[in-house]
1. Calculated from DSSP H runs of 4 or more alone, at -39500 (n - 2.57) each and per residue, what is the 222 nm mean residue ellipticity of the chain, nearest 500?
2. Using the Cα centre as the reference, give the magnitude of the dipole from point charges on the C-beta atoms of region 73-217 (Lys, Arg: +1; Asp, Glu: -1; all else neutral), rounded to the nearest 20 debye.
3. Once each part is reduced to its C-alpha centroid, what is the distance from region 220-234 to region 1-69 in angstrom?
4. Once phi is turned into θ = phi - 60°, what whole-Hz ³J(HN,Hα) does the Karplus curve with 6.51, -1.76 and 1.60 give for every residue of region 450-455, x standing for Gly and Pro?
5. Under 8 Å for C-alpha pairs, at least 6 residues apart: give me the relative contact order for the chain, rounded to a whole percent.
6. Collect residues whose amide H, placed 1.01 Å from N in the peptide plane, falls under 5 Å from the amide H of S404; neighbours closer than 5 in sequence don't count.
7. Could you tell me whether region 315-447 comes out rounded, prolate or oblate from its Cα gyration tensor? Rule is a ≥ b ≥ c as square roots of the eigenvalues, rounded for a/c under 1.5, then prolate if a/b exceeds b/c, otherwise oblate.
8. So who's got an amide H within less than 5 Å of the one on V296, skipping anything under 5 residues away but keeping other chains? H placed 1.01 Å off N, in plane.
Amino acid sequence: MDTRTLTSQKISQGLTAGEWSAKEIAQAFLAAAKQGQNSTHAYVDLAEDLALQAADESDTRRAAGRSLSEFDGVPIAIKDNIMVAGCRATAGSNILKNYVAPYDATVVQRLKSKGLVILGKTNLDEFAMGSSTESSCHGPTLNPWNLERVPGGSSGGSAAAVAEGSAPAALGSDTGGSIRQPAALCGTVGIKPTYGRVSRYGLIAMASSLDQIGVLSRSVADVAGLLRIIENRDPKDSTSVDLLEKWQIPAKLTGSVKGLRIGLPKEYFVSGMEAGVERAVRSAVDRFKELGAEIVEVSLPHSDYALAVYYIIMPCEVSANLARFDGVRYGLRVPGETLVDTYRKSRGQGFGQEVRRRIIIGTHALSAGYYDAYYRRAQQVRQLISDDFTRVLADVDCILAPSSPTVAWKLGEMADDPLAMYLQDIYTVSVNVAGLPAINLPCGLVDGLPVGFQLIGRHFDERTILSAAADYEQAEGGFDSFIPSASPKEKK
Ligand code: GLN
């Protein structure tokens, strides 16, 4: 069984046809994951016992004709900032290294209620802060396409697991690009839903006005099917929305690209993007033209401010959210002489450099005398960025843009240069700032490394971008050419 070619849908079909059992599937993916731990290191922890037990239960249900859903017995991996009861939830941080989740996140509980089998917890940048998965306290994850390169981040473990075939799908979180950028750098599909579509209860918060949980997988139908399971209102997250039926992910994606108006933001196709990346993204644009889409140049004039706005608002929220890690309630405690000394020592030793940097920036930007100059100003410009999208998306059905200005870079290349790392987020952060949905799709290889692009939709209109993505996928003959080492040939 080649786990690299198995999508969640194919696994489900094989289970129905009796081609394999849930247990055999779980064993095959766990074996691939163990092998991967010696090369890519996609996982923080494997949940072998829990997975095999869940798979057994699924087989028993199926034999009795009581399957819970189409995906009963299908495995999935979970980013390690999302709680799975009884498993560690470290968020890649020393401060939570020994923290065991006391409950399931709503998304996990919903997956379990449909019979999915949880394989383990995937690696990430510490508290999801980063674009390379290098800042994890567990050490970096490597890109399955080239072990000298980063997989992107912060959901780099989830993307690497899907790409290498140690999970058919994985949950990630996206605050400023953390699903779409690693999906692009590893050649997988990855969707960041509209803010409010998916409950964040049980997600370790980074920046609450931007965070959203989403899915990475190898096919559009898979991400749609899984999103359908995890979406919708949860009373435990007041930002989650009771979805009108027309906004729910449909059981089957219909609709076609023919006649669809797709906007290309002129501000996104500028210098700074690698030539090979631009070529690959333009080849995707050509494909959409062939499929009958109308390509329109659009303008998002405030794009230049997106990174500045994000890198003010996000650290402000980080500074507030991470205040709870005080050495008293959760995780690491380094006793000091006084209470304040205990806070200082626990936080000083528990948090890594990038996390400390962001807490300091955020605390400064929120402090008396600076709040107006930084935080309030950033919120005002946030509105302008949002308005740009509203105006453009009134005229076009969706927007096509690159997901990352470069292909995967070498490990360590930017580790000491935070600004260079922040610039990698240039194409992704605006989508979070505006709360929009966006899906990454692979569109080519440059020097044997994947390139991705994103389709950005209107609020709650995942249906349009998923349908367009499905048409694109079909026209490309699927994404099997994005299996590392199986066929590393360049796309012409
Ligand atoms: N790379 C971005 C950052 O470091 C995005 C992170 C994320 O989406 N979690 O903030």
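What follows draws every value from the coordinates through simple rules; no lab data is involved. All values derive from a computational prediction rather than experimental measurement. Neighbour counts are summed over all protein chains in view; Cβ atoms, including those assigned to glycine, are modelled from backbone coordinates with ideal geometry.
1. For the chain, the value works out to -11500 deg cm²/dmol.
2. 440
3. Computed from Cα coordinates, the inter-centre distance equals 19 Å.
4. Per residue, the Karplus-derived 3J(HN,Hα) values read x, 10, x, 9, 10, 10 Hz.
5. This gives 17 percent for the chain.
6. G452
7. oblate
8. Here I262, G263, L264 satisfy the definition.
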